[in-house]
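Comments concern the structure below.
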Amino acid sequence: MIIPPNPPAKIFWPAALYDVNTRTPIINSVNRAAVSSGTGVVENDDGSVTIHFSPELSKGVDKQDWLQTNVGESWFTYLRFYGPTEAYFDETYPLENIKRVK
């Protein structure tokens, strides 16, 4: 998931993983179901943030930008903007769907 530069949030934004069956935050071995602008995510050179979802931390991926999924378990994510700005309401902030990368 790529969060483009300048997210439309005055306060902060989190991306969180939820278990499909329980609809609660995912339980994983790193005890972390979310990353956010307040947790020290590492920005790309252009100011965007790439969030990685996978069971294992991939080589070259910063741990702060990774959310651990569980093998064989389905999940979904929410991206929230707290203190949304006009770009959120007028839908000018560009967001894309999560893409599978191999």
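The values are calculated or read from the model by the stated rules, or taken from the named source; none is laboratory data. Predicted, not measured: the structure shown is a model, and the values here were computed from it. Quick reminder, even Gly has a Cβ in these numbers, built from the backbone with ideal geometry, and neighbours come from all protein chains shown. When the accessible area is computed, the model is the full protein with side chains, heavy atoms only, and any ligands, DNA or RNA have been set aside. Shrake-Rupley method; radii C 1.70, N 1.55, O 1.52, S 1.80 Å.
Listed values, structure above:
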item	result
Selection count where residues are within 26 Å of ILE11 (Cα to Cα), in contact (Cβ under 8 Å) with a residue 24 or more places away in the chain and exposed (fewer than 12 other Cβ atoms within 10 Å of the Cβ), scope region 40-81	4
Top-ranked residue in region 1-11 [being in contact with a strand residue (DSSP E or B) (Cβ under 7 Å, 6 or more places away or on another chain) and part of a loop (DSSP other than H, G, I, E, B); ranked as nearest to ASP65 (Cα to Cα)]	MET1
Residues within region 72-102 that are among the polar types (S, T, N, Q), at pLDDT 95 or above and assigned to a loop (DSSP other than H, G, I, E, B), tallied	3
Some residue of region 19-29 being surrounded by fewer than 18 Cβ atoms within 10 Å (Cβ to Cβ) and aliphatic (A, V, I, L, M)	yes
Which numbered condition LEU95 fails, given (1) open to solvent by 80 Å² or more (accessible area, probe 1.4 Å); (2) out of contact with any strand residue (DSSP E or B) (no Cβ under 8 Å at 6 or more places or on another chain)	(2)
Every residue from region 12-71 that is farther than 20 Å from PRO94 by Cβ, part of a loop (DSSP other than H, G, I, E, B) and within 10 Å of the chain's Cα centre (by Cα)	ALA33
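Yes/no matrix, rows are residues, columns are (1) farther than 18 Å from TRP75 by Cα; (2) not hydrophobic (A, V, I, L, M, F, W, C):
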site: MET1; (1), (2): no, no
site: PRO4; (1), (2): yes, yes
site: PRO14; (1), (2): no, yes
site: LEU17; (1), (2): no, no
site: ASN21; (1), (2): no, yes
site: PRO25; (1), (2): no, yes
site: ASN31; (1), (2): no, yes
site: ALA34; (1), (2): no, no
site: GLY38; (1), (2): yes, yes
